[in-house]
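The values are calculated or read from the model by the stated rules, or taken from the named source; none is laboratory data. These numbers come from a predicted model, not from an experiment. Positions of Cβ are generated from backbone atoms using ideal geometry, with glycine treated the same way; all protein chains shown enter the neighbour counts.
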Amino acid sequence: MSAAEAPPPLVTVLMPTHSHATTIGLALDSVLAQTIRDLEVVVIADGATDAVVEALSAYPGDERVRVVFRSKSVSRGEEARHEVLLGCRSTFVAYLGDDDLMLPDHLEQMIDLLADADFAHPLPVSVDRDGGLFWYATDLSRAECREWHQHPGRNGVSLSGVVHRLSAYRRLPVGWRPAPPGSWSDHYMWQQWFSTPGLRYRTGTRPAILKFDAAWRADFSDEERRAELLDWRQRSTGPGFADELARVATDALRDFGVRAQLELARAVDDLAETSSLAARVPELDRAIAELHGDVHNQHAEINRLRDQLEQARTERDEARSERDEARSERDEGRRERDLIAATRTWRAHEWASGLRPVRALLRRRRTDLAVSEQA
């Protein structure tokens, strides 16, 4: 029987991967160990590193696992996710990060929730780096929670753990696409879901995913991250784990409740202080009006001084202009007098030059008379 003729699986699990070579095998193991066996896993290798490719090649063969290799996308392989879902034939779609784990009954829990919903996720908890749980307070069955998620920077639903109907996905206006710079890929997708009318949502009451936030483990080595997942994976398959996890989750809920109550008390105190300030608004308004009047008067004085300065500059420039003009007239007079004097000297010289022949004749005559007298 060809793949097209084979009956479609009940669930398709999408697992994007890029560089978590030491944990992807454990994540795959947790999917294949689900109580629901009728599933397929599509690993989207988004520009996967050589180590990831090697880890996938060495993974024990299972006909339910398929790998889609793609060059590195601009984000997290959203186009490849959409491409896979366009060709998908299953009823439900689930997601798991390559460094997270599914508890054995995760898909079973979520499909039960989807009996009267289109989009479901388990109790939203993450594993702290110290082994405790951190709870994100949200309930997607409430419209105000979905509205809360529409704001940038607000997200209580991780990719790992979400399960939705494929038919509901195909009602979305776009589907998976790269998120704008500065936005989370999954949050950008959930915003599209939550703004599409007519869809139904459920949030579980039990943890069913072990989410290991990479941002909290930025200083962990690959070996440390694998050791952490391996420890939880072994514990999750042991007897009594469900009760142990419920206890830890209860502690997380209690801790969150205490912190929320303290923050609410601080908010009430801040509000009381604000109310006290509100009673002083008329007094503050008068003080502001007085300050405004002082500022207005200071501006008027500054403008008056500025006008005086400008007038003084104008008078100074006019005086400089008059002085320069007087200097110019004086220099012109000097030049005229020098020219006249030079002209008179020249004329006198010329006149004296005209008398030279006469003087020479008189000298010769005087000489001749003197010679005649001596004779």
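Here are the numbers:
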item: Test: D29 is in contact (Cβ under 8 Å) with a residue 12 or more places away in the chain, of a type in the set (D, E, K, R), assigned to a loop (DSSP other than H, G, I, E, B) and surrounded by fewer than 21 Cβ atoms within 10 Å (Cβ to Cβ); result: no
item: Residue in segment 138-152 that is under 27 Å from L28 (Cβ atoms) and either in contact with a strand residue (DSSP E or B) (Cβ under 7 Å, 6 or more places away or on another chain) or in a loop (DSSP other than H, G, I, E, B) (or both) present; result: no
item: When residues of segment 158-188 are limited to those that are touching a residue at least 40 places away in the same chain (Cβ under 8 Å) and aliphatic (A, V, I, L, M), the one surrounded by the fewest Cβ atoms within 10 Å (Cβ to Cβ); result: L166
item: Pairs, first farther than 20 Å from L113 by Cα and touching a residue at least 40 places away in the same chain (Cβ under 8 Å) in segment 136-155, second in a loop (DSSP other than H, G, I, E, B) and not hydroxyl-bearing (S, T, Y), C-beta under 9 Å, six or more apart; result: H149/L140; H149/N155; H149/G156; H149/V157
item: Residue list for segment 77-107, filter: surrounded by fewer than 21 Cβ atoms within 10 Å (Cβ to Cβ), within 29 Å of the chain's Cα centre (by Cα) and in contact (Cβ under 8 Å) with a residue 60 or more places away in the chain; result: E79, H82
item: Filter result for P181 (over 28 Å from I36 (Cα atoms), out of contact with any Lys or Arg (no Cβ under 7 Å at 6 or more places or on another chain) and at pLDDT below 95); result: yes
item: Subset of segment 192-208 that is in a loop (DSSP other than H, G, I, E, B) and among the polar types (S, T, N, Q) - its residue that is nearest to T138 (Cα to Cα); result: T205
item: Filter pass, V67 being among the aliphatic types (A, V, I, L, M), closer than 23 Å to P104 by Cα, touching a helix residue (DSSP H, G or I) at 6+ places or on another chain (Cβ under 8 Å) and surrounded by fewer than 21 Cβ atoms within 10 Å (Cβ to Cβ); result: yes
item: Condition met for W148 (crowded, with 22+ Cβ neighbours inside 10 Å, out of contact with any Phe, Trp or Tyr (no Cβ under 8 Å at 6 or more places or on another chain) and aromatic (F, W, Y)); result: no
